[in-house]
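Take a look at the structure below.
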Amino acid sequence: MKIIFVLVLFFILSPIYAQTDWVKWEKADLSYRKNSEFDKRDYSISGKSLSETAIKSITVAYWFFISDVDGDNCPFSPSCSKFFVQAINETNLPQGMLMFFDRFTRDLNIFNRVNKYPRAGAVHYHDPVYLYTLDEDKIRYLPPNTFIKSE
Amino acid sequence: MTFVSKINSTKRIAVSKFREVLLIIFMLMNIYIFPQANLHVQYDYAGKLFCEEKYFDAITEFKRLQFFDSLNQYSFLSNKLIGMSYKQGGKLNEAINYFSKAELNSPNDDSLFTVKLEIIKTNLLRRTIYRAFDLLNELSGDARFNSKKDQIIYWKGWAYIFNDEWKKAADEFDKLEGEPELKKLCENVSNAQYSPKLAKVLSYILPGAGQFYTGNYVSGILSFSWVALWTYISIEAILADRIFDGVMVADFLAFRFYNGNLQNAEKFAVEHNIEASNWMLDYLQNNYRGPKP
Amino acid sequence: MNKLFLIILSIVAIVFPQNVDSSFNSLFQKENVIKFADYLFCEKDYLRSANEYLRIDKTLRDEKINFKIALSFSIVGDYVSAKNIFERITGSSPYYKSSRLELMKIFFLEEKYPELREFFHVGNDKIILQNEPTANKLYYISYLKDIEEIPSFNDFVKPYDFSEQDEINTLYKMKINPPNKNPFSASLLSAIIPGAGKIYTGEISDGIFAFITTGLFSFLAYDNFKANHNLRGWLFSSLAVMFYAGNVYGSYASAQLYNARIKYEFNLQLDSFLKSKNYFIPEYDFCK
């Protein structure tokens, strides 16, 4: 296990100086700006179907009145409420609910997350919906202890 | 042959031998000067590419120059310009690598100082600010650069800017005679920023107060309401002897919203500060005309 | 006579260096370009090296240079350009065999395994390739990468060296019989005992928590029904059912994830083995 961990880190993190010039590059647009570490929520209610709009409205209301106020309690990225919305959109309501309860159970389990999930940022773990749709082809496994840059 | 004519012919042989030697010296000089003159042309060519912002190709030509420069005449300049090219291309680690090589070959203290400054500036761009501070401290302690104290202070100010310490930056620029603009700008940012610690303390004492301090009134009202509501319910439950219910409500709800309130107060202050910093950083990058990283 | 000759020579000696203007720079003459390109190649600055070699006119390049250009492109990932040049290396060249091996390697890197096998079996170079140990090794190991029917073990292991046999053995076994978990078994176990399925797939703490939550809510439901708090009873029992069903579902997904992890680790091991062996291609001595 440790060997694999080291190998993964090596392949992902090893900087070889000559390699930066293996592709021709142009002048870079370096900005002085600092990036904000905080997750920005998408509050738009427009959805593809009526049910999507309905669910999104409920979720936005939940975010506004409750979730934004009780702080950042979900260790995962996407957060549990976002996970729920995405799960329903990708599959259907019953399956989405099952995925959500499974996710909630994993949320309760505070032990050993470091060695199970890859990292997304400083304090969150990467746990996307496509791993749990039961569609094997959608699964893209990422090992723990690696850092995932969100797009 | 008479004695005189023998001497004359010996003289002639000596003179022609002398000419031969001169010829050889001239030829040797050609071989010596010729390739080095070529290098000057190569240096100009590489420099032209650099000015045209064709950095990848400029690096190629400077490397060619280095390869054929057996006397290392152009070592300092080529390494420095390769470093500048990498810096313009955003390849900051390589840039520092080549600047360090230039350091080893600097012909005099002024050049050495320029290159050391470039390393500091690249560290700022790379956000390895602590390294920049270390290098600046080294410079101010170095007796060779006593005449350049002003420049060192100027760049220390910039290091504070990149480290988000605008008040300290303003203080540095204050020490200089010619930077009232930068001092004013830094002071403006410093004054516009909130203290995350203060926000957290305010919210600690009164839920919602920190959010009011940072201008997030709606969030402050919501925080206050929720905490008040659940605290009231849990106390009421405990007083009515439904201890279990009371403790449950207090734990899962009242504390949760209270912690969220603390988190938000700090988060709003920090977010606001980042926005203020970024605004000023953009302004400096696009509009300020003085030396920049 | 001598004096005139000397004067002319000294004029030429002074004027000659000034002849150097930007249109005539000896550093761009063929020999110097080659020297510089060789240097770049050995410094692993492959793209620059290839571009330098390409400055030289096609008709003046020898096969060794063409091979190095193609090799550089292959290393930096420009497989199209690499293939173009490798394919044009003729049978009479000493680099012909190496170029065919490099082409096989590119098939591998491009993940075109059926094409690789076709190249080996029926391509124009099949006689050369089938007599080459490297080509045989690459041919057989390509079966580990996709889902074609894999040859029997005895055939499979033949081309490899003694030092490679252990690893090949392990990889072959992992390929035909991966230590997977059955998703149906996982959900069945969780249906019988909540959390058991997750323990089966190695998520022991998740399984325990699932058991605790289902148990807790079931107990709360039972307790409230007994105390005639029917509303709360129904609330807790529906939560218990949701957690139970969620766990059965999650156990299935967990087994799938476990299998995905096995596959990932297999590929990682295979890739690192290939890289460490440089795809079985012997090292070149361009930079000794």
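The values are calculated or read from the model by the stated rules, or taken from the named source; none is laboratory data. Only a predicted model underlies this, so the values are computations on that prediction, with no experimental measurement involved. Note that we place each Cβ from the backbone using ideal geometry, even for glycine, and neighbour counts take in every protein chain shown. Keep in mind that these areas ignore ligands, DNA and RNA; they rest on the heavy atoms of the full protein, side chains included. Shrake-Rupley method; radii C 1.70, N 1.55, O 1.52, S 1.80 Å.
See the values below:
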| item | result |
| --- | --- |
| Some residue of the range B:142-152 being free of Cβ contacts under 8 Å to residues at least 12 places away in the same chain, surrounded by fewer than 17 Cβ atoms within 10 Å (Cβ to Cβ) and among the aliphatic types (A, V, I, L, M) | yes |
| Evaluation of C:Val241 against (1) in contact (Cβ under 8 Å) with a residue 12 or more places away in the chain; (2) within 14 Å of chain A (Cβ to nearest Cβ); (3) of a type outside the set (Phe, Trp, Tyr) (one fails), failing number | (1) |
| Leading residue by the ranking (farthest from C:Ala186 (Cα to Cα)) among those in the range C:205-216 that are open to solvent by 40 Å² or more (accessible area, probe 1.4 Å) and more than 9 Å from chain A (Cβ to nearest Cβ) | C:Leu216 |
| Residue in the range B:229-250 that is surrounded by fewer than 22 Cβ atoms within 10 Å (Cβ to Cβ), more than 9 Å from chain A (Cβ to nearest Cβ) and either within 28 Å of the chain's Cα centre (by Cα) or in contact (Cβ under 8 Å) with a residue 24 or more places away in the chain (or both) present | yes |
| Condition met for B:Leu222 (over 30 Å from A:Leu30 (Cα atoms) and either in contact (Cβ under 8 Å) with a residue 24 or more places away in the chain or surrounded by fewer than 19 Cβ atoms within 10 Å (Cβ to Cβ) (or both)) | no |
| Search result, residues across the range B:200-219 that are in contact (Cβ under 8 Å) with a residue 60 or more places away in the chain and within 14 Å of another protein chain (Cβ to nearest Cβ) | B:Lys200, B:Ser203 |
| Odd one out for C:Tyr222, checked against (1) more than 8 Å from every other protein chain (Cβ to nearest Cβ); (2) touching a residue at least 12 places away in the same chain (Cβ under 8 Å) | (2) |
| Residue that is away from chain C (no Cβ under 13 Å) and surrounded by 20 or more Cβ atoms within 10 Å (Cβ to Cβ), where the choices are A:Ser81, A:Ser77 | A:Ser77 |
| 2 or more residues basic (Lys, Arg) and modelled with pLDDT of 90 or more: qualifying helices (runs of 4 or more DSSP H) within the range C:16-112 | C:46-55, C:63-76, C:96-109 |
| Top-ranked residue of the range A:104-132 - restricted to ones that are closer than 22 Å to C:Ala240 by Cα and at the interface with chain C (Cβ under 8 Å from one of its Cβ atoms), ranked as surrounded by the most Cβ atoms within 10 Å (Cβ to Cβ) | A:Tyr132 |
| Counted residues, the range A:133-151 - those being open to solvent by 20 Å² or more (accessible area, probe 1.4 Å) and in a loop (DSSP other than H, G, I, E, B) | 12 |
| From the options A:Asp39, A:Asp70, residue that is in a loop (DSSP other than H, G, I, E, B) and crowded, with 18+ Cβ neighbours inside 10 Å | A:Asp70 |
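Condition check ((1) under 31 Å from the mean Cα position of the chain (by Cα); (2) surrounded by fewer than 17 Cβ atoms within 10 Å (Cβ to Cβ); (3) charged (D, E, K, R)) across all residues:
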{"residue": "B:Asn163", "(1), (2), (3)": "yes, yes, no"}
{"residue": "B:Ala169", "(1), (2), (3)": "yes, no, no"}
{"residue": "B:Glu172", "(1), (2), (3)": "yes, no, yes"}
{"residue": "B:Leu176", "(1), (2), (3)": "yes, yes, no"}
{"residue": "B:Asn188", "(1), (2), (3)": "yes, yes, no"}
{"residue": "B:Lys200", "(1), (2), (3)": "no, no, yes"}
{"residue": "B:Ser203", "(1), (2), (3)": "no, no, no"}
